[in-house]
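*Asks:* Before we start, here is the structure in question, set down as structure tokens.
Taken together, the values in this text are just the output of simple stated rules run on the coordinates, not laboratory data. Owing to the predicted nature of the structure, the values given are computational and were not obtained by experimental measurement. We place every Cβ from the backbone using ideal geometry, glycine too, and count neighbours over all the protein chains shown.
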Amino acid sequence: MRIVVLIKQVPDTDDVKLDPEKGTMIREGTGNIINPLDLNALQAAVEIKAVMKPETRITAVSMGPLSTEYALREAMALGADDCLLLTDRRFAGADSWSTAKVLSCAIKEIGEVDIILAGEKATDGETGQVGPEVAAMLNIPFSTYISDIKPGENKVTVTRTVEDGYELQRIDYPCLMTVISAINNPGMPTLEGKMRARRAAIKRMSADELRIDEKALGLKGSPTRVVKVTTPKKTRQTRLYSGSSIDEGIGELIEVLEAKGLL
């Protein structure tokens, strides 16, 4: 069995800034980590490998600058058998569709793949679109919001966590699944894993090697456009009551609620 895990490197900060001219994220000057939900996806792959045939192989794939190699080495320390870095300056500024295009072409280059796993969304984008778009481009079935995976010989049984409960699905191989944090607790890298990851060669592929039309790459190949970036204004005026002034505050709150017809 061959498992591919899609890894994204994201800023290790909540203070995400956007370029007001291009409408793209400013990544310089911030630390980077593996997208947390992608760690759940990688752990799911490791657990599938543990119950399937011993020749099962896990490949971590990521698109990004050369610095993304650090995230892929971490993925290898956590259980990936090998890694593929898709890096090219022409990939910069890609939206979800352009990103999915590059990832799907890379998966085709890998060859026969049974399962593709990814986090349900990335913390720096929150779209949740890349996984399903990759599946659509590869013309394979997919499922989202996965909280449990039971692999079988010819099919995989998954549990989807949805608003009103759970859904059970049986999906033929090859397939793609995006997972949520409830599926597992990501493991910690072992010393052996770290040593192996440090020595490993990370394979790289460019746009030319993937044979993708340049019109489909990066910012100019992205149909999504951020036409304006604005910072929301803080309009709330707060007042703090403590100690002996609490009763006064309660009285004022009651007056406000009565004036609004809520009491």
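*Asks:* Exactly one condition in (1) out of contact with any helix residue (DSSP H, G or I) (no Cβ under 9 Å at 6 or more places or on another chain); (2) touching a residue at least 60 places away in the same chain (Cβ under 8 Å); (3) among the basic types (Lys, Arg) is not met by ARG160; state its number.
*Replies:* Among (1) out of contact with any helix residue (DSSP H, G or I) (no Cβ under 9 Å at 6 or more places or on another chain); (2) touching a residue at least 60 places away in the same chain (Cβ under 8 Å); (3) among the basic types (Lys, Arg), the lone unmet condition for ARG160 is (2).
*Asks:* Quick one: in segment 146-181, which of the residues that are among the charged types (D, E, K, R) and out of contact with any strand residue (DSSP E or B) (no Cβ under 7 Å at 6 or more places or on another chain) is nearest to LYS121 (Cα to Cα)?
*Replies:* So the residue we want is GLU163.
*Asks:* Is one or more of the residues making up segment 212-219 farther than 28 Å from ALA60 by Cβ, more than 24 Å from the chain's Cα centre (by Cα) and exposed (fewer than 14 other Cβ atoms within 10 Å of the Cβ)?
*Replies:* The answer is yes, given that some residue of segment 212-219 is farther than 28 Å from ALA60 by Cβ, more than 24 Å from the chain's Cα centre (by Cα) and exposed (fewer than 14 other Cβ atoms within 10 Å of the Cβ).
*Asks:* Could you grab the pairs with beta carbons closer than 6 Å, sequence gap of 6+ or different chains, first residue in segment 54-65 and outside any loop (DSSP other than H, G, I, E, B), second one among the acidic types (Asp, Glu)?
*Replies:* Matching pairs, first to second residue: ARG57/ASP81; ILE58/ASP81; THR59/ASP82.
*Asks:* Oh, and also: Return the residues of segment 71-108 that are assigned to a helix (DSSP H, G or I), under 27 Å from PRO54 (Cα atoms) and not hydrophobic (A, V, I, L, M, F, W, C); say none if nothing qualifies.
*Replies:* Answer for segment 71-108, where residues must be assigned to a helix (DSSP H, G or I), under 27 Å from PRO54 (Cα atoms) and not hydrophobic (A, V, I, L, M, F, W, C): ARG73, GLU74, SER104, LYS108.
*Asks:* Additional query: Could you pull out the residue among LEU191, LEU240 that is under 24 Å from LEU37 (Cα atoms), loosely packed, with under 10 Cβ neighbours inside 10 Å and either without any contact (Cβ under 8 Å) to a residue 40 or more places away in the chain or of a type in the set (Gly, Ala, Ser) (or both)?
*Replies:* That would be LEU191, the only listed residue that is under 24 Å from LEU37 (Cα atoms), loosely packed, with under 10 Cβ neighbours inside 10 Å and either without any contact (Cβ under 8 Å) to a residue 40 or more places away in the chain or of a type in the set (Gly, Ala, Ser) (or both).
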